[in-house]
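Read the figures in this text as sums done on the coordinates, not as results from a lab. Note that this is a predicted model, so its numbers are computed, not measured. Don't worry about glycine lacking a Cβ; one is built from the backbone with ideal geometry, like all the others, and counts go over all protein chains shown.
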Amino acid sequence: MPVEIKDMTLDNVAVGPIAVRVYQGAEYGKGPPVLIYFHAGAFRHVGLGDCPMAECLAGTGAIVVVPDYNALGSVFPKPLEVGFALFSYMAKKRAGFGDRKSLLLVGGSEAGGNIAAAVSLKARDHFADELDGQVLVSPLLDPFMGTPSFRKAEAIGMRDLWAEGWSHYLSGGICHPYAAPSGCSRLAGLAPALLLSSEDDPLLDETLAYAQRLKSAGVEVRQHVLPARAGWPSVYGGKTEEAPSWQESASSEFAGFVRDICARRADLKTI
């Protein structure tokens with residue numbers, strides 16, 4: 001499906017005006033899912049840029065809103081404050097995106113996946129039932145960076161960027177569960193989650209570990225690991241010799257995730 005892209009500013013967010021890039025499937029139907037998607041960038045990227053995953057997911061018929069979430073500061077908790085304020089703003093009649101029947105989701109890749117996971121935690125803690133799901137694409141969750149798969153980070157040019165990014169993000173001196181969701185001890189009650197990674201992803205182990213912990217806490221989880229050599233590291237700016245071929249799998253998994261949530265909604269209405 002063709003995707004329309006436009007930049008705009010949301011003026012009525014509680015933390016102040018937030019610039020966003022909106023990806024919208026040109027042929028979206030009634031009640032399209034609305035996804036707030038936090039871009040990658042090792043916790044330090046500021047500004048709006050191309051987001052291939054956002055464009056890919058919009059091609060399924062979703063409206064994907066990518067905010068400049070580091071604009072007010074990129075050290076914890078500022079990005080989370082922006083992300084949660086934007087979620088709260090969108091929860092009120094979807095701020096003109098979609099309609100009241102639209103699912104409201106948060107998602108993100110790499111550092112953006114961290115922010116999405118944290119927004120999901122805070123939504124649960126603030127009894128914000130408007131959040132329908134979370135989409136975590138190779139989320140950067142573990143500041144210790146000690147998993148076996150993380151050893152591949154050097155080869156794709158990300159190890160130093162991630163180490164420096166974590167040091168920057170946590171430089172406020174606090175390691176709160178919202179800052180490092182992998183260390184959160186209380187995961188029950190979170191919104192359903194879709195987690196995506198690949199066999200050659202340095203973030204594979206922490207993605208799968210978080211998925212397992214969510215399942216153990218009773219959270220509905222859908223997960224998918226793409227085969228190696230799909231060019232997956234390009235999702236967050238990693239070097240890859242392969243042309244990206246992950247789009248079809250990502251689209252399919254996201255569409256299936258949305259269908260799962262809608263089916264659960266329908267089941268609840270019949271009880």
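Some notes on this structure:
- Using equal-weight Cα scatterers in the Debye expression, the normalised intensity of region 123-266 in log10 at q = 0.11, 0.18, 0.22 Å⁻¹ is -0.45, -1.13, -1.42.
- Each of residue 262 and residue 243 was given a label point 7 Å from its Cα along the Cα-to-Cβ line. The distance between the two points is 3.2 nm.
- For the chain: rounded, prolate or oblate by the Cα gyration tensor [a/c cutoff 1.5]: rounded
- Listed peptides 258-268, 192-202, 131-141 by packing density, highest first (mean Cβ within 10 Å): 131-141, 192-202, 258-268
- Put a plus charge on the Cβ of each Lys and Arg, a minus charge on the Cβ of each Asp and Glu, and nothing anywhere else: the dipole of region 157-271 about its Cα centre is then about 620 debye.
- Stretch gain in nm, segment residue 168-residue 95, where the contour uses 0.36 nm per residue and the Cα spacing is subtracted: 23.1 nm
- Label-zone membership for region 221-263, site residue 199, 7 angstrom Cα→C-beta point, backbone N under 14 Å: 225-232
- Signed unit charges on C-beta, dipole axis of the chain, positive-most listed residue 254, 149, 47: 254
- For region 23-127, trypsin sites (Lys or Arg not before Pro) are listed when DSSP marks them as loop and at most 12 other Cβ atoms sit within 10 Å of their Cβ; the list is 30, 92, 100, 101.
- Computed about its Cα centre, the charge dipole of the chain is approximately 840 debye, with only Lys, Arg, Asp and Glu carrying charge at their Cβ.
- Kirkwood-based Rg to Rh ratio, region 77-149, C-alpha trace: 1.03
- Sites residue 215 and residue 4, calculated FRET efficiency, Cβ-Cβ separation with R0 45 Å, nearest 0.05: 0.80
- If you count Lys pairs in region 3-270 whose Cα atoms are under 28 Å apart, skipping same-chain pairs closer than 8 places in sequence, the total is 27.
- R0 of 35 Å, Cβ-Cβ distance residue 11-residue 129: FRET efficiency to nearest 0.05: 0.85
- Between region 68-138 and region 241-262, the Cα center-to-center distance that results, in Å: 20
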